[in-house]
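Student: Could you have a look at this structure, given as structure tokens, before my questions?
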Amino acid sequence: MTDLLLQFTFALFATCGFCIIFRVPAKHIPICVVIGALGWTSYQVSMYYDASPVLSCFIASCAVGLLSDIGARLCKEASTVFIIPGILCLVPGSGMYHTMTSMLSHDMDATASIGAQTLMMAGAIATGLLVIGSVIRVIRSLAKKTIALKPGNK
């Protein structure tokens, strides 16, 4: 539990740094920081329950996508303001580094293995954001149709 709290805290600071780099408006930084930290925490919890790194990235990016959409609606801002800093903690930078290191040491088996997992993790991040965005769009469309079908609405 202490390790998870420490991971949450480090993710808060890392996301805050990305918010500063990407010049997120100051009033949105607290929400972005919490979204990024919760995304990383969901990744860590998934890994704790023996999910693969790819599945964990998918779950965490779904969490970031959902929380970013909620934050965007609350703040009346574009969701990308919250998605970009929130998702950067999940980017598999160490996997890219280890892929290049194994390539430079001519270990092609490790290059293929690590590189494939890194690409799948990056794809899982993109797929998670795409799935949540699509689900939210469908729900909003159904809600609009339901409201339009009520008696008295024209």
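The values are calculated or read from the model by the stated rules, or taken from the named source; none is laboratory data. The structure presented is a predicted model; accordingly, all values stated were derived computationally and were not measured. Here the Cβ is made from the backbone with ideal geometry for all residues, glycine too, and neighbour counts use every protein chain on show. Note: accessible area is taken over every heavy atom of the protein model, side chains too, but ligands, DNA and RNA are not part of it. Shrake-Rupley method; radii C 1.70, N 1.55, O 1.52, S 1.80 Å.
Student: If I filter the stretch 53-74 for residues that are of a type in the set (Ser, Thr, Tyr), open to solvent by 30 Å² or more (accessible area, probe 1.4 Å) and part of a helix (DSSP H, G or I), do I get at least one hit?
Tutor: No, there is no match, as no residue in the stretch 53-74 is of a type in the set (Ser, Thr, Tyr), open to solvent by 30 Å² or more (accessible area, probe 1.4 Å) and part of a helix (DSSP H, G or I).
Student: Moving to a separate point now. Could you list, in sequence order, all residues of the stretch 89-119 that are in contact (Cβ under 8 Å) with a residue 60 or more places away in the chain and open to solvent by 50 Å² or more (accessible area, probe 1.4 Å)?
Tutor: The answer is 117, and nothing else.
Student: Give the residues of the stretch 120-139 that are surrounded by fewer than 16 Cβ atoms within 10 Å (Cβ to Cβ) and more than 12 Å from residue 64 (Cα to Cα), sorted by residue number.
Tutor: Hits for the stretch 120-139 are 123, 134, 135, 137, 138, 139.
Student: If we scan the stretch 90-113, do we find a residue that is assigned to a helix (DSSP H, G or I), within 26 Å of residue 134 (Cα to Cα) and not acidic (Asp, Glu)?
Tutor: yes
Student: Let me ask something additional. Report every pair of residues separated by at least 6 positions or lying on different chains whose Cβ atoms are under 9 Å apart, first residue within the stretch 135-154 and under 21 Å from residue 63 (Cα atoms), second modelled with pLDDT of 75 or more and aliphatic (A, V, I, L, M).
Tutor: Going by the 9 Å Cβ cut-off, the qualifying pairs are 135/66; 136/66.
Student: Ok, one more. Taking the stretch 26-52 on its own, how many of its residues are open to solvent by less than 60 Å² (accessible area, probe 1.4 Å) and in contact (Cβ under 8 Å) with a residue 12 or more places away in the chain?
Tutor: Residues in the stretch 26-52 being open to solvent by less than 60 Å² (accessible area, probe 1.4 Å) and in contact (Cβ under 8 Å) with a residue 12 or more places away in the chain: 16 in total.
Student: Listed residues 8, 22; which is open to solvent by 60 Å² or more (accessible area, probe 1.4 Å), closer than 30 Å to residue 116 by Cβ and aromatic (Phe, Trp, Tyr)?
Tutor: One residue alone meets the criteria, 22.
Student: May I ask you to verify whether residue 78 is aliphatic (A, V, I, L, M) and in a loop (DSSP other than H, G, I, E, B)?
Tutor: Here the answer is yes, as residue 78 does meet what is asked.
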